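Taking it in order: structure first as structure tokens, then the write-up.
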Amino acid sequence: MLHNPSMNSNTKNHAMVLQQLQSLLPSECLITDGPGLRPYETDGLTVIREMPWVVVLPETESQVVAIMRICREQGVSVIARGAGTGLSGGARPHNDGVVLGLSKMNKILHIDVDNRVARVQPGVRNLAISQAAQPHGMYYAPDPSSQIACSIGGNVAENAGGVHCLKYGLTVHNVLGVRVLTSDGDVMEIGGALYDNPGLDMLALLCGSEGMLGIVTEVTVALLPEPEKKSVILAGFRQVTDAGNAVASIIGAGIIPAGMEMMDKLAVEAAEQFAHAGYPLDAAAILIIELDGAAAELDAVTHQVIGHLQACGAYQIDQADDAQTQARLWKGRKSAFPAVGRLSPDYICMDGTIPRHKLAQVLTQIDTLSKAYDLAVANVFHAADGNLHPLILFDANVPGQTDHAMAMGSEILRCCVAAGGTVTGEHGVGVEKLDTMCVQFTAEELDQFFRIKDAMDPSGILNPGKGIPTLTRCGELGGMHVHKGRLPFPELERF
Amino acid sequence: MSGDLSSQFTEVVKNAYAAEQGLVICGHGSKGAWLPEIDLNNTQRLDVTRHSGIQAYQPEELVITARAGTALDEINRVLAAEDQMLACDPPRFQSVKADVMVGDNAGGTLGGVVATGLSGPGRPWSGAVRDAILGVELVNGKGEYLKFGGQVMKNVAGYDVSRLQAGAWGNLGVLASISIRVHPRWQEQVTLVFQMSAEQAQKKCLRLAQQNLPLQGTCWQGGVLYLRLAGHASGVAGAKLALGGETMQQTVDGSFWSDLRDHRVDFFQPKDDVQKIWRLVVPSAAPLPGAWLSSEDLLIEWGGGLRWLRHADEAAVKAHAKSVGGWCWAKGEQMPIDAVQGRYMNELKRAFDPKNIFRSAMSLQHAD
Ligand SMILES: Cc1cc2nc3c(=O)[nH]c(=O)nc-3n(C[C@H](O)[C@H](O)[C@H](O)COP(=O)(O)OP(=O)(O)OC[C@H]3O[C@@H](n4cnc5c(N)ncnc54)[C@H](O)[C@@H]3O)c2cc1C
């Protein structure tokens with residue numbers, strides 16, 4: 001386990017901060033005791049832990065503003081936290097910082113049926129929005145697999161995706177407005193039930209900013225009418241490449257499925273044992289495809305998609321119109337992570353995204369790496385948008401294996417970058433992918449990110465050390481991106 | 001003529017940075033009429049139109065990458081040949097320098113589409129320009145050539161600098177290359193026509209928005225509501241049957257929505273010298289302007305969310321926009337910028353352009 005014990009914490013300021021927090025907040029909004037703090041030592045990336053020294057759980061925006069003022073004045077950092085389901089260590093505590101948990105700010109403020117928006121507090125769970133909109137025949141489209149737990153504030157901060165992104169977009173496409181508090185204490189109301197806004201698009205910048213530019217205190221999301229009808233198709237393939245070709249062939253024909261997920265043999269085996277979804281155990285890969293729309297259109301498109309699947313060599317095709325069978329076909333995919341979790345004591349989930357036509361190439365590279373590192377990999381991913389989730393299985397109790405698995409993960413991400421993709425499609429950089437960021441960006445680009453950070457957070461107290469690696473770190477890694485044969489910052493010492 | 005002028009751009013910006021000289025980034029000039037003219041004092045023109053050409057396009061990847069100077073017309077043609085179109089529906093305005101700029105060279109560049117971020121009638125359904133952007137390469141105010149985002153559908157590595165460029169009007173850098181999402185072309189398009197008042201039209205649009213319909217545009221003007229249905233043929237046919245109304249003739253239909261989008265319809269010609277064209281972005285269900293506005297001076301799009309007004313009384317329009325929770329912008333004038341947000345926007349500009357080299361038409365100073 002990569003323990004990172006608190007070092008040289010700023011104890012004098014801590015005492016002062018604590019005193020001020022105590023006079024500000026009711027006792028149930030402040031956690032300082034060991035057992036109470038434990039749930040906050042990690043997020044969904046459990047291999048990295050650090051015990052925080054204090055967690056605050058404000059109930060109102062004005063409390064958040066006051067907490068920010070105290071931290072700014074005392075020079076103590078602020079680490080926002082939603083539900084702690086993030087997979088890249090974004091909400092991991094900082095030895096000097098205050099963990100700002102937003103879970104108590106969990107009210108749905110307004111479902112505006114006419115304007116088709118919901119105004120909610122940041123701690124509201126993703127699924128709760130759709131549940132509140134359901135009586136009106138509407139829903140909130142982005143549906144990360146963690147949607148029963150993750151918060152909308154965390155979704156904004158990570159620009160979370162889900163299985164329906166290709167057709168319905170990511171968080172950034174479905175959030176119309178935010179209230180955001182800066183470290184300087186300004187509360188800005190950006191956007192609203194509006195289709196565009198004057199000036200620079202700070203709303204777009206805040207989506208995916210991992211709590212490093214501002215604290216989201218309220219979100220306005222778009223609601224969509226529920227689709228009239230859905231069709232779910234399961235297809236089994238003997239070759240992974242055939243499944244990859246089917247994805248390209250369907251999209252190439254001008255069809256945009258609501259969802260299109262792929263699972264490889266190991267993932268199918270694990271899911272089947274766990275969920276009994278009826279997946280073909282002899283398949284090298286399966287595709288689960290969801291189509292939605294008006295009834296007349298749906299029948300025609302379903303027919304077309306089945307034709308493509310057959311032409312690409314699918315040997316088993318099941319199609320479901322009824323909600324019950326559809327739920328069964330989805331169940332295996334939706335429980336794939338916990339199912340794989342039962343195969344092995346530990347796993348880490350990668351999040352590289354690649355152009356779809358490179359699917360077969362990168363999957364072959366992952367297979368080669370799996371053999372070289374002698375660690376099994378199960379692949380479960382959003383095939384429609386090229387977002388891979390290789391799950392690397394390992395045992396943290398075997399000395400050195402965590403580092404070994406992390407090293408293999410970095411190599412997979414390098415393959416994704418080399419294939420023209422990115423190190424993270426939807427899980428964020430956090431602390432986990434700081435090193436691979438050095439592969440994807442030049443020193444000048446990283447420096448540009450830092451200048452953006454300075455512009456929004458001049459005191460630098462918001463979630464420091466996350467998201468963007470320092471140039472020194474990249475230099476030390478030796479893996480620094482080399483642009484046109486020139487080493488950036490030649491004056492920096494290298495070793 | 002097309003080619004890669006990116007290294008020339010970095011040189012020009014580096015020199016301007018060293019000399020603290022302003023640069024005015026110029027495309028076709030097709031959207032020049034939207035903001036006040038730029039003060040050209042101590043500035044140099046940077047023409048980006050010859051930095052053009054499509055760099056990557058594989059239809060099944062649903063993305064096209066092109067140099068920023070590539071003509072919008074060319075992009076549209078290349079996509080149409082593959083039965084695709086841009087995922088957003090940006091307007092194609094005519095260059096104000098129509099005497100020198102003709103054909104492909106008059107209707108805007110891809111860089112201009114992104115920099116202005118303006119949306120056509122399809123905005124609520126097919127998204128804005130910012131929604132379609134996947135990646136940009138740009139030269140910042142220090143003359144550094146930087147790449148953000150890419151060609152993949154999802155990318156959260158680092159801050160979303162790419163989408164921040166949409167609607168930045170060149171404040172943050174010289175856009176050099178853009179990757180933008182494309183979409184399969186609609187199989188079928190039908191326009192339904194209904195005679196009704198603005199109030200009735202608004203109610204109808206709000207009701208329809210709650211349903212699952214292949215709606216891709218609404219327009220109310222002069223007592224007539226136009227609904228564009230577009231997408232899969234069977235879906236469009238089903239919706240047409242369900243909605244009734246008269247069907248617009250196919251020949252007229254083809255140009256109705258592009259004429260509207262590109263402001264070639266009469267409404268956008270002010271009737272006299274004092275009238276201005278106002279663009280109001282408001283919540284779709286927001287009350288319509290009262291009796292102070294003649295209904296012939298109102299045009300409504302985006303299911304109620306975008307309203308165009310012809311009016312001379314600035315104070316009345318501004319008060320109305322504010323009272324209904326929206327904002328307004330008069331064509332040819334600055335946009336309103338909130339005081340606090342403006343401060344952060346200026347800091348962001350400084351982060352990209354520390355010496356204020358890029359003289360953009362869009363001011364980031366606070367203005368009501
Ligand atoms: C089983 C499982 C499945 C998952 N599936 C998906 C998936 O399909 N798609 C996907 O995109 N993700 C997925 N995730 C990842 C995770 O759920 C998302 O990243 C989610 O958006 C995190 O939300 P959270 O509330 O848990 O945020 P946290 O983990 O608490 O925080 C995440 C980041 O957001 C910041 N933050 C939180 N709240 C705020 C706020 N109010 N203001 C500013 N910053 C804030 C934090 O500082 C941190 O950097 C999955 C995770 C798990 C465990």
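Read-outs: derived from the displayed coordinates by stated rules, not from any lab. Everything numeric in this text was worked out from a predicted model, so none of it was measured. A quick note on method: Cβ atoms are made from the backbone with ideal geometry, for glycine too, and the neighbour counts reach across all protein chains shown.
Just to confirm my understanding: which cysteines in chain A have no other cysteine beta carbon less than 4.7 Å from their beta carbon?
Isolated Cys, chain A: A:Cys29, A:Cys71, A:Cys150, A:Cys165, A:Cys207, A:Cys312, A:Cys349, A:Cys415, A:Cys416.
Semi-axes, largest first, in whole Å: what does sqrt of 5 times each Cα gyration tensor eigenvalue give for region A:344-428?
22, 12, 11
In which sequence would B:Glu301, B:Glu137, A:Glu269, B:Glu246 go, from the one with the fewest C-beta neighbours within 10 Å to the one with the most?
So the ranking, lowest neighbour count to highest, is B:Glu246, A:Glu269, B:Glu137, B:Glu301.
Per residue of chain A, what 222 nm ellipticity follows from adding -39500 (n - 2.57) for every DSSP H run with n ≥ 4, rounded to the nearest 500?
-10500 deg cm²/dmol
Output wanted: per-residue J couplings in Hz (rounded whole) for region B:5-17, from phi through Karplus 6.51 cos²θ - 1.76 cosθ + 1.60, θ = phi - 60°, x for Gly and Pro.
Coupling constants for region B:5-17: 10, 4, 6, 5, 4, 4, 4, 4, 5, 4, 5, 5, 4 Hz.
Stretched out fully, how many nm does the piece from B:Val224 to B:Lys331 gain, at 0.36 nm a residue minus the Cα gap?
The B:Val224-B:Lys331 span can extend by a further 36.1 nm.
Would you mind checking which residues have amide H under 5 Å from A:Met138's amide H? H placed 1.01 Å from N; only 5 or more apart, or other chain.
For A:Met138, whose amide H was placed from the backbone, the distant partners under 5 Å are A:Glu226.
Within region A:272-344, report the trypsin sites (Lys or Arg not before Pro) that DSSP leaves as loop and that have at most 13 other Cβ atoms within 10 Å.
A:Arg342
Collect residues whose amide H, placed 1.01 Å from N in the peptide plane, falls under 5 Å from the amide H of A:Val163; neighbours closer than 5 in sequence don't count.
The list, which skips near neighbours in sequence, is A:Asp143.
Give a residue-ordered list of calculated ³J(HN,Hα) values for region A:196-205 (Karplus: 6.51 cos²θ - 1.76 cosθ + 1.60, θ = phi - 60°; whole Hz; x for Gly, Pro).
7, 9, x, x, 5, 7, 5, 5, 5, 5
Among A:Ser249, A:Ser231, what is the fewest-to-most ranking by other Cβ atoms within 10 Å?
Lowest to highest Cβ neighbour count: A:Ser249, A:Ser231.
Between region A:418-437 and region A:150-191, what is the C-alpha centre distance in whole Å?
First find each Cα centre; the distance between them is then 19 Å.
Kirkwood-based Rg over Rh for chain A (C-alpha set), two decimals?
0.97
Considering amide H positions built from the backbone, and no H for Pro or chain starts, which residues 5 or more places from A:Val117, or on another chain, come under 5 Å of its amide H?
Hits under the 5 Å cutoff: A:Asp112, A:Leu223.
Principal axis extents for region A:108-225, Cα atoms only, whole Å, descending order, please.
40, 29, 25
Find, to one decimal place in angstroms, the Kirkwood hydrodynamic radius of chain B, where the mean of 1/r is taken over every pair of different Cα atoms and then inverted.
Evaluated on chain B, it is 21.6 Å.
Give a residue-ordered list of calculated ³J(HN,Hα) values for region A:127-139 (Karplus: 6.51 cos²θ - 1.76 cosθ + 1.60, θ = phi - 60°; whole Hz; x for Gly, Pro).
Once rounded to whole Hz, the list reads 5, 4, 5, 5, 5, 6, 7, 4, x, 9, x, 10, 7.
State, as an integer percentage, the relative contact order of region A:218-325 based on alpha-carbon contacts under 8 Å between residues 6 or more apart.
Normalised by residue count, the contact order of region A:218-325 is 45 percent.
For region A:46-109 and region A:237-313, write down the distance between their C-alpha centroids in whole Å.
Rounded to whole Å, the Cα centres lie 41 Å apart.
Between B:Ala66, B:Ala115, B:Ala81, which gets the highest mean-square fluctuation from a Gaussian network model of chain B, Cα cutoff 10 Å?
For chain B, modelled as a Gaussian network with Cα springs under 10 Å, the answer is B:Ala81.
Kindly express, to the nearest 10 degrees and within the range 0 to 90, the angle between helix A:61-74's C-alpha long axis and the longest C-alpha principal axis of chain A.
60
Quick one: order A:Tyr140, B:Tyr57, B:Tyr145 by neighbouring beta-carbon count within 10 Å, fewest to most.
In increasing order of surrounding Cβ atoms, one gets B:Tyr57, B:Tyr145, A:Tyr140.
Computed FRET efficiency, Cβ-Cβ of B:Gln21 and A:His14, R0 56 Å: what is it to the nearest 0.05?
Between B:Gln21 and A:His14 the formula returns 0.65.
Which order do the peptides A:87-95, A:123-131 take when ranked by the mean count of other beta-carbon atoms within 10 Å per residue, highest first?
Those peptides, ordered most packed to least, come out A:87-95, A:123-131.
Let's test the formula: R0 of 35 Å, r as the Cβ-Cβ distance of B:Ser323 and B:Gln269. What FRET efficiency results, to the nearest 0.05?
0.80
Given the DSSP H assignment, sum -39500 (n - 2.57) over each helix run of at least 4 residues in chain B and divide by its residue total; what's the result at 222 nm in deg cm²/dmol, nearest 500?
That calculation yields -8000 deg cm²/dmol at 222 nm.
Using only C-alpha positions, report the orientation-averaged shadow area of the convex hull of the protein assembly as shown, nm², one decimal.
35.3
Within 10 Å of each Cβ in B:207-214, how many Cβ atoms from other chains are there, averaged over the peptide?
For peptide B:207-214, the averaged partner shielding equals 5.
Two-decimal Rg/Rh of region A:229-333 from alpha-carbon positions, Kirkwood Rh?
Using Cα coordinates only, the ratio equals 0.95.
Under a GNM of chain B (C-alpha, springs under 10 Å), which listed residue has the highest mean-square fluctuation: B:Gly244, B:Gly69, B:Gly305?
Highest fluctuation among the options: B:Gly244.
Mind checking the mean number of beta-carbon atoms from other chains within 10 Å of the Cβ atoms in B:345-358?
3
Test of understanding: express the Cα radius of gyration of region B:79-152 as a ratio to 2.2 N^0.38 Å, with N the residue count.
Against the compact-globule rule of thumb, the ratio is 1.28.
Can you tell which of B:Asp353, B:Asp266, B:Asp89 shows the greatest fluctuation in a Gaussian network model of chain B with Cα springs below 10 Å?
Maximum among the listed residues: B:Asp266.
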